[in-house]
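The values are calculated or read from the model by the stated rules, or taken from the named source; none is laboratory data. The model shown is predicted, which means the values in this text are computed figures rather than measured ones. All Cβ positions, even for glycine, are placed from backbone atoms using ideal geometry, and neighbour counts span all protein chains on display.
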Amino acid sequence: MRREVHTMNGKVLIKKSLLMVAAVSAMAIPLFASATVASDVERSTTIFYDRSAHGAANGPEALYERLKTTSRKMCGSDDLLVTGSIRRVAGNEACYEGTLDAAVRRLDDPAVTALHRSEFAAL
């Protein structure tokens, strides 16, 4: 008889444990879903520049650097120590490359396009 009581208590404990795991899982699912949705949010920014300015500080190299810096800020770090996740690093890098590509295409400046092609051809 004593064995049945232990077995019964064990079954009750297992049921309570399973219910607790199910409850915690149900509460955690929206957290993961919202994190995924937040990372897929469309972001945009505007970079202002003067095409007629021909100084060294305003040349195609400087403009391309601004595009790269802004793209990196928008997409996040590519440093594993900062992100803490290889998946996030890969996602940030894909975002960066796509954002920079789109910015260079939209700018439609031959000198900046040449810089961009030469940089990515070296990789």
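Working carefully through the options 118, 71, find the one that is farther than 22 Å from residue 44 by Cβ, polar (S, T, N, Q) and over 11 Å from the mean Cα position of the chain (by Cα).
On the way: 71 fails: farther than 22 Å from residue 44 by Cβ.
One residue alone meets the criteria, 118.
Summed over the stretch 72-88, the residues that are part of a helix (DSSP H, G or I) and in contact with a Gly (Cβ under 9 Å, 6 or more places away or on another chain) give a count of 4.
Among the residues here, residue 101 does not qualify as in the same structural domain as residue 61 (by TED's automatic domain parsing) and not in a helix (DSSP H, G or I). Here the stretch 104-115 is the region considered, the condition is being exposed (fewer than 12 other Cβ atoms within 10 Å of the Cβ) and either closer than 16 Å to residue 62 by Cβ or more than 24 Å from the chain's Cα centre (by Cα) (or both), and the residue that is modelled with the lowest pLDDT is 108.
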